[in-house]
Structures are given as structure tokens and as C-alpha cells.
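Following: one structure in C-alpha cells, then a few remarks.
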Amino acid sequence: PGGLCIHSYSKIATWPLKSPSSLDRLFKVQEAFKTSSESTAAYAFDFLIYAGSFYPTIVRTAISKLTYMVLNQSMYLTTMPVTTTSYYFADLECLEMIPINDTLSSFGVGMGLTTGGCNNNLRFSFTISQGFFKSDDAASNMARYVEEELQALLDAMKKSV
């Protein structure tokens, strides 16, 4: 009570992003979440992060770079909740929240995506390593692609109702 608490979870996984449609991709990713949540091995990553927090930053950075290189990770995702009503912190109303990414892109991860927001406004933030996409236009237009994907999901939902 009276405090700010952020719950987080880290998971390294492979997501089925190549699909014929936005709706098909959504269902495939949902199924991948279900499958990965059935394994206790996925939780080991969180414990490793916690154990690593006792070491100096230079050691954690080296271990993180090696982990992402060995596991061939190309993307990370951070999702924070979106408040649906007014949100107050220290008796001040938060009118806007802009999610930001950390420095994992410097590890050569490729792309980071962070989502979150307040007052029923969802925000996206991208960190994209240079050369991750074949074209710089893809990185420059990422926000537009997300809008198109969300619109396609909304349209599919409207058709099914």
C-alpha cells in the first residue's frame, strides 16, 4: 500500500512470427506462450538474473552478451500494464507514461520492444540495432507496421463478433 511495485518476468523463447495473417500469428504466439509456460526450465532464466545481480556490472554485461550470443536471441520484449483509469503517484496524477528500453541492443540482440501506458493509452518503444533489418526503412517504419498489425487484429475481431 502506498508504494510502487513492478512485477517482471524474463523468458528466452522462440516465437512463431512468420504467419500468413495477423490473427494466425496471434494464435501461434499464444500457443507458444502456453507451451513454454508448462516447462519449469523457462524459470531458470529469472533465477540466473537474480543470482547475477550480486556481481559487478562489468561481469553481468559480459555474461549477458555471451548468453544472447550463444542462444542466438534477436529480440526482447518488455510489457508493462496500461492503467484504464487515472493513475496517481505521490499525490500527483500521471498524465503520460512513455516506456523506454534498456541497453540490450548494444549486446547485438537486434530489436527490443517495450509496451505500457496509463489513462487507457498504450505506448510502444523500439530499440533496433543498426543493420538488424536489411533496409533502414523497415526500422524507420516500425511504428506504422505495429499500427497496421493492431488494425488487422481489430478488424479480424470485429468480423468474428
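Taking a ≥ b ≥ c as the square roots of the Cα gyration tensor eigenvalues, with a/c under 1.5 meaning rounded and otherwise prolate when a/b beats b/c, else oblate, which class fits region 121-161? Prolate, because a/c is 1.5 or more and a/b exceeds b/c. Remark: region 81-87, residue by residue, has Karplus-estimated 3J(HN,Hα) of x, 10, 6, 9, 10, 4, 10 Hz, where x stands for each Gly or Pro and the curve is 6.51 cos²θ - 1.76 cosθ + 1.60 at θ = phi - 60°. Counted by Cβ distance under 14 Å from TYR87, the other residues give a net charge of -2, where Lys and Arg count +1 and Asp and Glu count -1.
Probe of 1.4 angstrom, ligands and nucleic acids ignored: what's the accessible area per residue over region 108-161, in square angstrom?
Solvent-accessible surface per residue comes out at 64 Å².
Annotation: amide H-H contacts under 5 Å for MET80 (H modelled 1.01 Å from N, sequence separation of 5 or more, or interchain): THR115, GLY116. Residues whose amide H falls under 5 Å from that of GLY110, counting only those 5 or more places apart or on a different chain, are SER129, with hydrogens built in the peptide plane. Per residue, the accessible area of region 59-101 comes to 78 Å², computed with a 1.4 Å probe over protein heavy atoms only. Taking label points 7 Å from Cα along the Cα-to-Cβ direction, TRP15 and SER37 give a separation of 1.5 nm.
The values are calculated or read from the model by the stated rules, or taken from the named source; none is laboratory data. As the structure is a computational prediction, the values presented were derived from the model and not from experiment. Virtual Cβ from ideal backbone geometry, glycine too; neighbours counted across all protein chains shown. These accessible areas exclude ligands, DNA and RNA; they are computed on the full protein's heavy atoms, side chains included. Shrake-Rupley method; radii C 1.70, N 1.55, O 1.52, S 1.80 Å.
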